[in-house]
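Okay, so here's the structure we're looking at.
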Amino acid sequence: MDDELLFEQRLHWWSDRRAELTLGAVVCAVLAGVVAMLVFVVVQGWPSFAHNGLAWFGSGGNVDQQIKDMFSAGASGSRDVYTFHAWPLIWSTLLIVGGAVTLSLVSSLFVAVFVVEFAPDWMKQTLHPVVRLLASVPSVIYGLIGVLVIVPFVGNHLITQAEKASVSHIISLSGYSLIAGVMILTVMISPLMIAIFADGLRSVPRHWLEASLALGINRWRTFWKVGVRAARPAIVAGTVLATARALGEAVMLAMVTGSVGFAPNPFDGAIFLFEPSRPLAATILQQVEGLSSAALKHTLFAIASVLLVSAMLLSLAGWAAKQPLKKYAAA
Amino acid sequence: MQSKRIGLAAVLSAFLLLSPAAASAKTLIGSGSSVAQPYLQSLFAAYHRVRPGISFLYTADGGNAGVKDVQSGRSQFAVNTRPPLPSDAGTTYVKLWLDGLCIYVNSQNKLSNLSIGELAGIFTGVSTSWSQFPGSGLSTTIDAVGRDSTAGTFSFFTAAVLNGQTQGSNVNTQASDGLVANAIKHDPNSIGYAGLARAKDPGLKKVNVNGVACAPAFVKTLKYPLSRFVWMVFPTASPDLDVQKFTDWARTSVQAGEIITKVGAVPAFNKTAHKHKKHKKH
Amino acid sequence: MSAHAATGPTSLPARTGAVESSATWRLSDRVGLAICWLLGGLFCAIAAAIVIFMLVQGIKYVRPSLFVTSPTAGFSESQTGGFLDPLIGTVVVALLGTAIALPLGVTIAVWLSEYGRPFALARAAESVVEMLAGIPDIVLALFGLLIFSSPILGFFSRTSGHVVFGRSFFAAGAMLSLVALPLIVGSTREGLQAIPAHIREASLGVGKTRFATIRRILLPTARPSVITGTMLGLGRIIGDTAIIVVLLGATLTINQGGSTPVLGVLKGTGSTLTSFIYQNSPTGEIDQPTKAYAAAFVLLVMVLALNLCVDLVGRRKKDVTWSS
């Protein structure tokens, strides 16, 4: 009898109105928390932007020296210490992420077409779970393979002594280089792109492809001109996702790109590929112990807000790129 | 039914949340030198056996970073490997033990001696090829490995070897002492500076500086040019008493002296166990 | 009748042996096909190389003793112990992150799909969750470090005097839950939206309140989606390194902050398999690649197991049919 009474009471207590308000309150709280976090990061980074203005994104001085000065100033220090020109870090990020995403986009498209269409059936069956597995491998394992396999290979077999000697006054070339970072990042984001592209290609309406074949267009053209074209929203989505992941990759790139705030110079010829650098996310990871210095703290949060805004702009760009493609949405 | 459930929940939360009456357990939070970390780990463990209520949490982020942490209140104590500077205002430095900053090369390198001037040349980017040092038996480019500015060792090296010049951009900076040792182990063309504790590593080879070997015997008499003290740093205003007690124990007790010797450095003020050893001092 | 290959309804019909020969194609098409095969083959080779390499290295270096010994400081392989503490750390951090993310994620998904008024709030919630999915984890780690080092949240980590250490399992678990949240929300929403409207109407028709419908009918039915989302989130939590390296305080063994059984561990510091691999790689302090390979192998096996579970749960979900 007690149970029945309690059941009635419970029924009335959890009325829909109360439930909706409670759930809504939880959603509001989480929303407010996340928005507060974003605002906090930008506000903490503001002093660094305020002092440098647009020159924050420019070049000027040795970025490592500027970080050192900020660190040495400690909790106090003049405003001059906020000087920071992040161009070497931004350039490094652009090179590594841009290079990896471009390479990955081109190759993933072909591989996705291969996996969905042109591969023999037995290969298709095995590749499907393999791609999914590779997409979920933690980045630190890719970093491990990079440091133990790619970096020694680049250091011992690709960099010649003459090249090393020619720049030895400025930087030391070892296997920790731009090309190692780009290679590993490509291998890391490719499975993600391939998985999304393949899903998109698989959801192209079959009758579109059959109609094209019936008109006498060969298999390659059918798939390329009709299938890939129709799957463009998925291609955009996959590229945006992979770029966001590459942008935020800190640990793996900190392991393989060498940690020097150096802007690789394309005019150096072949040496350009072997120059060490340090992208934005890796900079945050490596300087995170210097939070006790006010200037360094504001600078690190400024870098974090640049990453945040880039991630937001990326998803906005993805959304914008998908709008004109809406007419290709599969029926 | 429901009251039973509430009762059970209350008991469970009490069990989980309330700490037992033996609340004298205390954690001391510190940060600083990575050179000192091998010594500190053993010293913390030994001190915990002497005073079971005290445990330590130490972050090796570099000597200079440790001092900044103490200044900003993020650590209760720090360990640094350079003497105090004016920028360390608000902190008190106490000497702990003597360490030598050794110059290491890869074990395949046959170099045996360097002068301070030659060392400065390597670490400012003036000398870049091993062919300039015939004793090494190599003719490849020098890969110099060093520390970054969070390290007290970096400040000491800049003052003692580079005479105030900045470390060259050709030097591959590493975040800790252990990372410098690892980098040298992997690269036959490398040279770098790290503490005495790394001398036990079979992949590294010590190089004499100005003809003097980096060994405890020479560090003790300060004959080795790069001998330096390891310092304990704590805030001048209201330092923690337990930190000071630990400092005294580490500086003066016999047990701490034995640990320091075993890991590789030279106790400076510790009492020794056997009386007759005192007569062997010169 | 030609047999259809088991490759789904939207791929081309099964080949009966008569493949369209590419001899009659234009050169550009043949080059395209050749590149396709080349890159596809290259991808297979690289994938096989990675998988086989990690497998071989793992089997070479994994020993049962590693699972039960704690890591210790030392110079050589035999001195540095195993990875018991990182393994426990991974489990603790995964449980904590999921425990926080699951209720929050399901709540948000339920509210978005069943209630969703006012519309502005619903759209804002959708955008924020999507934005959360794209935030780099290093930014979350940096933010977490700052707020957990403040005295207000001092309870969640070890404190001494007025110094708050700021790094603990609590801090890492809280930030990792943010990483898993979007996956749980997305998957649960999909599962709830796949339930046809007439189920809800029938339930309301027999007199149950909306909330009771959700609790008794919709959520149990959407359970496979919730489980899928949780496993995806778990996979992401286990694989995260940046937040662990920054927020867990890199102690080799689990360092309890206080002597209470569960709370002490949560307030304390430790390591996980990912930070263990990071420390044992040549760019890390300990530099014992054999241990790194062993830990990487264990991590890969965990990720593989999670993927398999997601597959199994997904397969069972397809068996649910709605009669209408």
## Note on the structure
Among A:F40, A:S92, A:I67, the residue whose Cα sits farthest towards the positive end of the charge dipole of chain A (+1 at Cβ of Lys and Arg, -1 at Cβ of Asp and Glu, taken about the Cα centre) is A:S92
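Quick check on the protein assembly as shown: what does the Kirkwood estimate of hydrodynamic radius come out to from the alpha carbon pairs, in Å?
On the way: mean 1/r = 0.0330 Å⁻¹.
Kirkwood hydrodynamic radius for the protein assembly as shown: 30.3 Å.
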### Query
Which net charge results when you count Lys and Arg as +1 and Asp and Glu as -1 among the other residues whose beta-carbon is under 12 Å from that of C:L33?
+1
#### Entry: Separation in nanometres of the label points that stand 7 Å from Cα toward Cβ, at A:A50 and A:H128
5.7
### Query
Given the convex hull of the Cα atoms of chain C, what is a quarter of its surface area in nm²?
25.7
### Task
Just the number, please: Stokes-Einstein D of chain B in µm²/s, Kirkwood Rh from C-alpha pairs, 20 °C, 1.002 mPa s.
104
### Task
Assign unit charges at the C-beta atoms only (+1 for Lys and Arg, -1 for Asp and Glu), then state the dipole size of region A:181-331 relative to its Cα centre in Debye, rounded to the nearest 20.
900
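Under the definition of Cα pairs under 8 Å and six or more residues apart, what whole-number percent is the relative contact order of chain C? Before the final figure, lay out each step's value.
Working: 432 pairs, mean separation 69.4, N = 324.
RCO, chain C: 21 percent.
Any idea what the alpha-carbon Rg over 2.2 N^0.38 Å comes to for region B:100-226? List each step's numbers first, then the result.
On the way: Rg = 13.0 Å, N = 127, 2.2 N^0.38 = 13.9 Å.
Taking N as the residue count of region B:100-226, the ratio is 0.94.
Excluding C:P136 itself, what net charge comes from residues whose Cβ is under 10 Å from its Cβ, given Lys and Arg +1 and Asp and Glu -1? It would help to have the intermediate numbers written out before the result.
On the way: positive: A:R245; negative: A:E249, C:D137.
Its environment carries a net charge of -1.
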## Note on the structure
Ranking C:A125, C:V185, C:G161 by how far each Cα lies towards the positive end of the charge dipole of region C:96-200 (+1 on Lys and Arg Cβ, -1 on Asp and Glu Cβ), the top one is C:G161
### Message
Viscosity 0.890 mPa s, temperature 25 °C: give me the Stokes-Einstein translational D for region A:80-328 in µm²/s, with Rh taken as the Kirkwood radius over C-alpha pairs.
### Response
123
## Note on the structure
Residue by residue through region B:226-242, the couplings from Karplus 6.51 cos²θ - 1.76 cosθ + 1.60 with θ = phi - 60°, in Hz, x for Gly and Pro, are 9, 7, 8, 8, 9, 10, 9, 10, 9, x, 5, 7, 6, x, 6, 5, 5
### Under-5 Å amide H pairs with C:G81, H placed in peptide plane, nonlocal only
C:T72
### Query
Roughly how big is the protein assembly as shown's charge dipole about its Cα centre, with Cβ charges of +1 (Lys, Arg) and -1 (Asp, Glu), in debye to the nearest 20?
1080
#### Entry: Distant-in-sequence amide H partners of B:T124 (H built 1.01 Å from N, under 5 Å)
B:G168
## Note on the structure
When the charge dipole of the protein assembly as shown is computed with +1 on Lys and Arg Cβ and -1 on Asp and Glu Cβ about the Cα centre, the Cα farthest towards its positive end, among A:H128, A:V154, C:Q57, belongs to C:Q57
### Query
Tally Lys and Arg at +1 and Asp and Glu at -1 over the other residues with C-beta under 15 Å from the C-beta of A:R245: what net charge comes out?
-3
### Query
Assuming R0 = 25 Å, what is the FRET efficiency of A:K326 and A:H207, from their Cβ-Cβ distance, to the nearest 0.05?
0.80
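For region C:36-164, what is the convex hull volume of the alpha-carbon atoms per residue, in Å³?
245
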### Task
May I ask you to evaluate 6.51 cos²θ - 1.76 cosθ + 1.60, the Karplus curve with θ = phi - 60°, for each residue of region A:302-319 and list the ³J(HN,Hα) values in order in whole Hz, giving x for glycine and proline?
5, 4, 4, 5, 4, 4, 4, 5, 4, 4, 5, 4, 4, 5, 5, 5, x, 4
### Message
To the nearest 20 Debye, how big is the dipole of region B:100-226 about its Cα centre, given +1 on the beta carbon of each Lys and Arg and -1 on that of each Asp and Glu?
### Response
400
### Query
In terms of modelled amide H atoms, which long-range or inter-chain residues lie less than 5 Å from the amide H of B:D143?
B:S190, B:I191
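How high is the relative contact order of region C:130-238, in percent, counting Cα pairs under 8 Å that sit 6 or more residues apart? Before the final figure, lay out the partial values.
Working: 104 pairs, mean separation 29.1, N = 109.
Computed value for region C:130-238: 27 percent relative contact order.
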### Query
Taking θ as phi - 60°, what are the ³J(HN,Hα) couplings along region C:286-303 by the Karplus curve (6.51, -1.76, 1.60), each to the nearest whole Hz, with x for Gly and Pro?
7, 6, 10, x, 5, 5, 4, 4, 4, 5, 5, 4, 4, 4, 4, 4, 4, 5
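Taken together, the values in this text are just the output of simple stated rules run on the coordinates, not laboratory data. The shown structure was predicted, so the numbers you read here are calculated from the model rather than taken from an experiment. Don't worry about glycine lacking a Cβ; one is built from the backbone with ideal geometry, like all the others, and counts go over all protein chains shown.
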